[in-house]
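Structure first, commentary second.
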């Protein structure tokens, strides 16, 4: 998602923002597993930054619900509860369903087809790295959210998706092929200019993801 633009004449880099995004990415990829201690000095060295922006980024992680302090005052990566995960998906189904319906009336057909081509390429390849799978997943959901024409809606969806992904750091390999086909169905409904079908396809996709992940976590 695009960040906030700097005021005219202010070209100072947003180092804290860069650190925050880097740490979030590490959490999503499992590089910082849940309950991992977040040590300012170590993270600053890992990111190649001074400790000041990293300290601010760590504060943002707390504010965003991605980190917490233990009773001993140690900062760790927070593990969301199953209830929080279910609440995230309940909201996502509402917001992303409406975003998909709006995209069916607003998103350029050529753009929707271009995204579909990338999903199909992933499906044809039969497998992908975690990074590539995340990239295409982000492309699908962010493209649709932005096409809604509502920036606040798009940002809310983006933030909720990050939180959902942080809950399931290990990913769900068995969802690779079904997920690709569900993405194609959503995009096809958008190409067909069918808001109701796009809404339903998105909601079914998210509900399938939710049910599968709940089943996995309740059997751990």
>> Looking at region 30-82 only, could you name the residues that are closer than 18 Å to residue 15 by Cβ, exposed (fewer than 13 other Cβ atoms within 10 Å of the Cβ) and more than 23 Å from the chain's Cα centre (by Cα)?
In response: 41, 42, 45, 48, 50
> Residue check: is residue 104 closer than 20 Å to residue 156 by Cβ, touching a residue at least 24 places away in the same chain (Cβ under 8 Å) and either buried (at least 18 other Cβ atoms within 10 Å of the Cβ) or outside the structural domain of residue 178 (by TED's automatic domain parsing) (or both)?
Replying inline: yes
> Pairs, please: C-beta under 6 Å, at least 6 apart or cross-chain, first residue free of Cβ contacts under 8 Å to residues at least 12 places away in the same chain and in region 120-148, second loosely packed, with under 14 Cβ neighbours inside 10 Å?
Replying inline: none
> What number of residues in region 24-38 are more than 21 Å from residue 88 (Cα to Cα) and either free of Cβ contacts under 8 Å to residues at least 40 places away in the same chain or assigned to a helix (DSSP H, G or I) (or both)?
Replying inline: 3
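The values are calculated or read from the model by the stated rules, or taken from the named source; none is laboratory data. Predicted model only: the values in this text are computed from it and were never measured. Glycine also receives a Cβ, built like all others from the backbone with ideal geometry; neighbour counts cover every protein chain displayed.
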